[in-house]
There are 2 protein chains.
Amino acid sequence: MATQLATPGAAETGLLTYQELHDRLRAVGGARYHHRHPFHLRMHKGELTRGQLQAWALNRYYYQSRIPIKDALLLAKSDDPAFRRTWRKRILDHDGDTDGYGGVEKWIQLAEATGLERNYVISGKGLLPGVIFAVDAYLALVRDSSLLVAVASSLTELFSRDLISLRMDQMRIHYPYLIPGLAYFQGRLTQAPEDAAFALDYVSTHAKTRAEQEQVIRALERKCEILWAQLDAIDYAYVQPGNIPPGCFVPQTDAG
Amino acid sequence: MATQLATPGAAETGLLTYQELHDRLRAVGGARYHHRHPFHLRMHKGELTRGQLQAWALNRYYYQSRIPIKDALLLAKSDDPAFRRTWRKRILDHDGDTDGYGGVEKWIQLAEATGLERNYVISGKGLLPGVIFAVDAYLALVRDSSLLVAVASSLTELFSRDLISLRMDQMRIHYPYLIPGLAYFQGRLTQAPEDAAFALDYVSTHAKTRAEQEQVIRALERKCEILWAQLDAIDYAYVQPGNIPPGCFVPQTDAG
């Protein structure tokens, strides 16, 4: 409702070439993707305590658990069996073929490696409202937008491989207790680039006007905001003392 | 969608008396209403700079500007002309009868008193995504819930008079440049208690089962979370340096 995407001004009427569109999208990622967020910078320098990593894994689980729901909402927008066949791979990647497999399960294993109880993670208790609102904004964006915009909102995956690769290296060095939980990231190293290539090709060929191209760019910006806001909420609540909102997860005192 | 409201456990089956329900609601307010938020505590101690008050007034404008939209969504849920007549007062309070009047306009005047340009405030530029997501979660809650839950989500007004009264006193002392912008709060001192009394009476008589009473309590909790999360985002971005998200309002350097 209030998350209407901007339409371009009168000056922005010339269709972008594929290269120009890709350059604009890459520029959005360079400036707004959450690899630059203070919480990630702290994570990669080894500055986070186990309790802070628990808070991150717990809250990020809510995002992970909504991804297949987001992809189902997106699937429901397409009347093209070929598109749906390709996109449903994402649901399979996250849900697996049977209990105990898939990306959602692997994220639970990461949360367990931080020291959280599986059942607590799944319960949804203790989550930061700010994270819930940001993730729900992603579901609403996909549900209430065109298929083109919904696909474009997945384009953050263009930038995720480098971040995940760096994160895995730094986690092995600084937080070796997480090593048993890194399977999720291992899988995403190959899944994310495949998914991103398909989505980039899709928006490149299906954005037929400059206005649609601007919608694609704005959708990527909004998705970057959705990822960034989750880390804002986590960084605010768990880095400075005294900021944990009422009812949210309180880490046990830890020494790092 | 993901903001489903909790249903009570098996032990919670006895209908609460009005007094018990009111006590439960007051307890939620005491623990979770944003009068306890660190940003408000700082505000009332006179610790905020002009730039921080600008960031607050700007972002909170987004909330204010959505209130009549929220009330229109709520109005659309009722098939009772008497209820709609009473509730539409809220839309009138915020929109006024003509340009230049009403609560939304008065909030713009408060933002101007902080030193912001009216057109910038109205433009919606520079807003924190975390604030947008929280406010949009309020609209979604009202839109997607029963009339009972939608009305219950307004019950934070039970607690607003004391907060507003304290805020006005402290603003006059610590931020005298805001005095020309306090008309919004002056109006709310009488509007909010009237509105809250009606809503409290409504939920007391229309929650017919314990499950519905628990929905009412949960709706108030969720609304508290929505208010709290807005201040989390503002406090995070504008109190410690280096945390303003990409593309958001940057105050001019100020000395307080």
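The values are calculated or read from the model by the stated rules, or taken from the named source; none is laboratory data. Keep in mind that this is a model prediction, so the values were computed, not measured. We place every Cβ from the backbone using ideal geometry, glycine too, and count neighbours over all the protein chains shown. Accessible surface is based on the protein model in full, side chains and every heavy atom, while ligands, DNA and RNA are left aside. Shrake-Rupley method; radii C 1.70, N 1.55, O 1.52, S 1.80 Å.
Normalized C-alpha radius of gyration of chain A, against 2.2 N^0.38 Å?
After normalising by residue count via 2.2 N^0.38 Å, the value is 1.02.
For peptide B:76-82, compute the average count of partner chain beta-carbon atoms within 10 Å of each residue's beta-carbon.
Per residue, the number of nearby Cβ atoms from other chains is 0 on average.
If you take the square roots of the eigenvalues of the alpha-carbon gyration tensor of the stretch B:1-145 and sort them as a ≥ b ≥ c, do you get rounded (a/c under 1.5), prolate (a/b over b/c) or oblate? The partial results should precede the final answer.
Working: a/c = 2.05, a/b = 1.39, b/c = 1.48.
Oblate, because a/c is 1.5 or more while a/b does not exceed b/c.
Keeping every protein chain present and rolling a 1.4 Å probe, give me the accessible area per residue for the stretch A:76-166 in Å².
Values: 3850 Å² over 91 residues.
Heavy-atom SASA per residue in the stretch A:76-166 reads 42 Å².
Where nothing but the Cβ of Lys and Arg (+1) and of Asp and Glu (-1) is charged, how large is the charge dipole of the protein assembly as shown around its Cα centre, in debye to the nearest 20?
Values: 58 positive and 58 negative charges, 53 e Å.
The calculated dipole for the protein assembly as shown is roughly 260 debye.
In chain B, carbon and sulfur make up what percent of the accessible area (probe 1.4 Å)?
Looking at chain B in its full context, I get 52 percent from C and S.
Percent relative contact order of the stretch A:143-256, based on C-alpha pairs within less than 8 angstrom and at least six residues apart? List each step's numbers first, then the result.
Working: 72 pairs, mean separation 38.9, N = 114.
Relative contact order for the stretch A:143-256 comes out at 34 percent.
Partner chain Cβ atoms within 10 Å, averaged over the residues of A:235-246 - can you pull that number for me?
Averaged over the peptide's residues, the number is 5.
In Å², nearest 100, what accessible area do chains A and B bury in total when the solvent probe is 1.4 Å?
Protein heavy atoms only, the A-B interface buries about 2600 Å².
Note down the relative contact order for chain A as a percent, whole number, built from C-alpha pairs under 8 angstrom at least six residues apart.
35
For a Förster distance of 35 Å, can you work out the FRET efficiency between the beta-carbons of B:ALA76 and B:ASP162, rounded to the nearest 0.05? Numbers along the way, then the final one.
On the way: r = 31 Å, r/R0 = 0.90.
E(calc), rounded to 0.05, equals 0.65.
The stretch A:223-250 to the stretch B:94-144: how many Å between their Cα centroids?
A separation of 24 Å, based on Cα centres.
Within 10 Å of each candidate Cβ there may be at most 10 other Cβ atoms; applying that plus a DSSP loop requirement, which trypsin sites (Lys or Arg not before Pro) in the stretch A:120-223 survive?
Numbers: sites: A:LYS125, A:ARG143, A:ARG161, A:ARG167, A:ARG172, A:ARG188, A:LYS208, A:ARG210, A:ARG218, A:ARG222, A:LYS223; in loops: A:LYS125, A:LYS208.
Sites meeting the loop and neighbour criteria: A:LYS208.
In debye to the nearest 20, how big a dipole does the stretch A:208-256 give about its Cα centre with +1 on each Lys and Arg Cβ and -1 on each Asp and Glu Cβ? Working shown, then result.
Working: 5 positive and 7 negative charges, 63 e Å.
Dipole of the stretch A:208-256, to the nearest 20 debye: 300 debye.
Binning every alpha carbon pair distance of the protein assembly as shown at 10 Å from zero, what are the percents per bin?
4, 18, 28, 27, 18, 6, 0
Hand me the GluC sites (Glu not before Pro) from the stretch A:63-124 located in a DSSP loop with no more than 15 other Cβ atoms within 10 Å, in residue order please.
Sites meeting the loop and neighbour criteria: A:GLU117.
Using r as the Cβ-Cβ distance of B:ARG172 and A:LEU92, and R0 as 60 Å, what FRET efficiency do you calculate, to the nearest 0.05?
0.45
Under a Cβ-only charge scheme (Lys and Arg +1, Asp and Glu -1), can you give me the dipole magnitude of the stretch A:84-193 about the Cα centre, in debye to the nearest 20?
260
Between copies, how far does the label point of B:GLU112 sit from its twins, in nm, shortest first, when each point is 7 Å from Cα along Cα→Cβ?
6.1
Work from the charge dipole of the protein assembly as shown (Cβ charges, +1 for Lys and Arg, -1 for Asp and Glu, about the Cα centre) and give the residue of B:ALA233, A:HIS44, B:ASN59 farthest towards its positive end.
Among B:ALA233, A:HIS44, B:ASN59, the one farthest towards the positive end of the dipole of the protein assembly as shown is A:HIS44.
Between B:ASP23 and A:ALA197, what's the calculated FRET efficiency when r is the beta-carbon distance and R0 is 60 Å? Round to 0.05. Provide the component values of the computation, followed by the final result.
On the way: r = 58 Å, r/R0 = 0.97.
After rounding, the FRET efficiency stands at 0.55.
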